[in-house]
Amino acid sequence: MKDPQVGAVHRELSVVVPVFNEEAGLDALLARTVPVCEAEFGANFEIILVDDGSSDRSWAIIAGHADASPNVVGVKLSRNYGHQLALTAGLKLARGDYVFVLDADLQDPPELLPQMLAKAREGYDVVYGQRIARAGETVFKRATANIFYRLLSKMVDVSIPRDTGDFRLMSHRVVAHFNAMPERFRFVRGMVGWLGFRQAAIPYQRDPRFAGETHYPFRKMLRFAIDAITSFSTIPLRFASLLGMGFGVAGLLSLVWVGISWLSGGTVEGWTSLAALILILGSMQLLMLGIFGEYLGRMYMESKQRPLYLVDEVYKQPEIAASAVVEVSDELRRAL
């Protein structure tokens, strides 16, 4: 049976897994994921492992599993594009009626698939995992994540569930609509939330990493948070306007006070505090310029209309490889 959208073999389930330097955990990932998929769908599923420019043996291990099983697909990107774009690449090539998104570190258990499927068969288009506990994470990371999700929920106009990642099961039509969204700076869980449709949560306890260390240190988490906020909210721009008006009013009131003091014969003192105020105002101005620059930089990068990613190789699945080539050709035609 052919999929009319990409001309590829139809699957009931696609599992999409972004991979970056996960050589120590890939065998365990497939050892746990394959039996769960077979129990639900027999042999009619695929596991798409997207190598996001790994520098270790991840691609060799992926290729070995693709050699051993027709259900495993290896997708190698031309370089490291980041988790969200690697996930996007996998979703673009997924052929399943359902698409299950999973991280390679096994913090999100693949054994929740049957529970998610049961919920999806009730009529939900998106079933996402919602963390009720986060084992193996530092107090600092849990605290900053808590602040981020609550701040984000206050700043955006779309419903983005708290304490959720990209661990979710989606229907084919949700993935098709997602694939039609062209933006470069991607916050996948926010984009899926923006799509709407019927969505439901499955609470679970997040496990520690199976092996290795996190690929999201504080610097990357901060960058991720900025991308999320600027992709779905203009409140920072409004904040700049409100801050400017606030300081303007404060300046006028200060001028009135200085005038009254001078007319009454008083001496206005406080050159140190005045210098401090000038430094504060200068810092605020630079901060606002930085906020404007973030939004302007995104507009500039979007205007280039470069492909979001390039696929170097699709291993052992020629029909998916053909669709990847078509996708790149379409991007090139649009660029020209």
Quiz item: What net charge is computed for the residues neighbouring VAL127, neighbours being all others with C-beta under 11 Å from the C-beta of VAL127, Lys and Arg scored +1, Asp and Glu -1?
Solution: +2
Quiz item: What residues have an amide H closer than 5 Å to that of VAL72, excluding those fewer than 5 places away on the same chain, when H is modeled at 1.01 Å from N in the peptide plane?
Solution: ILE47
Exercise. Starting from the amide H of ASP312, placed 1.01 Å from N in the peptide plane, find each other amide H under 5 Å away whose residue is 5 or more places distant or on another chain.
Key: LYS76, LEU77, SER78
Quiz item: By how many nm would the segment from ALA143 to ASP207 grow when fully extended, if each residue of separation counts as 0.36 nm and the alpha-carbon distance is taken off?
Solution: 21.3 nm
Self-check item: Net lengthening on full extension, ALA24/ILE278 (0.36 nm per residue, minus Cα-Cα)
Solution: 86.0 nm
Quiz prompt | Karplus 3J(HN,Hα) series, Hz, for segment 104-116 with 6.51 cos²θ - 1.76 cosθ + 1.60 (x for Gly, Pro) | solution = 6, 7, 6, 6, 9, x, x, 5, 7, 3, x, 5, 5
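None of the figures in this text is laboratory data; all of them are computed from the coordinates on show. Source: prediction; values computed, not measured. As a convention, Cβ positions derive from the backbone with ideal geometry for all residues, glycine included, and neighbour counts pool all protein chains shown.
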